[in-house]
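Step one of this worksheet: look at the structure below.
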């Protein structure tokens with residue numbers, strides 16, 4: 001069951017990264033997001049690291065999804081914890097800033113954005129820091145300088161930031177720590193502020209997923225979890241059937257979830273065939289084997 005839940009969690013991250021995850025937007029106090037996440041943050045920050053919170057009160061509100069913003073904050077804090085090998089400090093702050101073109105030009109996901117008033121959520125650490133080459137890759141899926149994949153890691157926040165029409169600025173010096181600042185547009189006082197629970201985007205149907213696995217028990221388990229989370233599932237029992245389904249209506253799917261070891265055609269073979277058809281839909285390869293065995297098998301094949 002835990003393996004299936006991890007697959008579902010990664011599915012959600014993949015959809016968020018691709019900008020296709022459903023969100024429920026409402027009027028949000030960014031500093032209260034930090035307050036509400038305090039217990040979870042404390043649970044992942046070890047005693048050797050000093051945690052400092054500097055929220056600014058009475059900030060303008062933003063139009064956002066509180067759950068996704070909480071996930072964004074947790075990912076940033078987890079990254080900061082990972083960057084500190086010994087004792088150190090993590091500082092989390094919120095505030096309001098007037099953003100100009102100069103800041104937009106040197107930030108991530110800011111290409112089509114305009115200067116103006118933005119709220120910011122900043123996580124600063126005293127860890128190892130990064131050189132410019134490392135900074136340029138940090139939002140790539142599965143990128144890890146330590147060689148340990150932890151799912152989508154920092155890259156999963158990019159979809160959240162983009163759907164909130166925000167951007168990320170990263171300041172880092174090798175040996176001198178890093179600061180990740182997420183900027184989100186502030187609601188002006190003239191704008192209509194929706195009440196709690198108002199949905200700007202319906203979460204009743206999160207999209208279609210093509211699932212291929214030769215084990216009916218695994219298919220049934222994943223189907224029940226994803227369908228309860230409002231995804232529409234198309235299930236196939238082998239690789240060739242998955243290819244056929246993708247060829248018929250591949251562009252309608254938001255995700256392909258493929259077992260690595262299936263009869264007739266493996267998940268990696270299906271992956272290659274899907275990409276050869278020009279489909280860029282996100283793909284997750286799943287397996288019941290130990291992760292090291294899967295990593296070894298995949299490292300011997302080129303997946304692009």
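Label zone (residue 96, point 7 Å along Cα-to-C-beta; backbone nitrogen cut-off 17 Å) within the range 48-88: 55-64. Rounded to two decimals, the Cα radius of gyration of the range 208-299 over 2.2 N^0.38 Å is 1.02. Our Cα-only numbers for the range 23-185 put the radius of gyration and Dmax at 14.9, 42 Å.
Using 0.36 nm per residue, how much length does the chain from residue 233 to residue 36 gain when fully extended, once their Cα-Cα distance is taken away?
Values: separation 197, 0.36 × 197 = 70.92 nm, distance 3.35 nm.
The span from residue 233 to residue 36 would gain 67.6 nm if fully extended.
Please give the contour-minus-distance gain from residue 171 to residue 220: 0.36 nm per residue of separation, less the Cα-Cα distance, rounded to one decimal in nm. Before the final figure, lay out each step's value.
Values: separation 49, 0.36 × 49 = 17.64 nm, distance 4.57 nm.
That pair, residue 171 and residue 220, stretches by 13.1 nm at full extension.
For the peptides 238-246, 100-108, residues were scored by their other Cβ atoms within 10 Å and the scores averaged per peptide; the highest-first order is 238-246, 100-108. Once you reduce the range 49-77 and the range 252-280 to the center of their Cα atoms, the two points are 37 Å from each other. Spin-label model, residue 137 to residue 74: label points 7 Å out along the Cα-to-beta-carbon direction sit 2.8 nm apart.
Each value in this text was obtained by applying a stated rule to the coordinates, not by laboratory testing. Just so you know, these numbers come straight off a predicted model, no measurement behind them. Cβ atoms come from the backbone with ideal geometry, glycine included; neighbour counts cover every protein chain shown.
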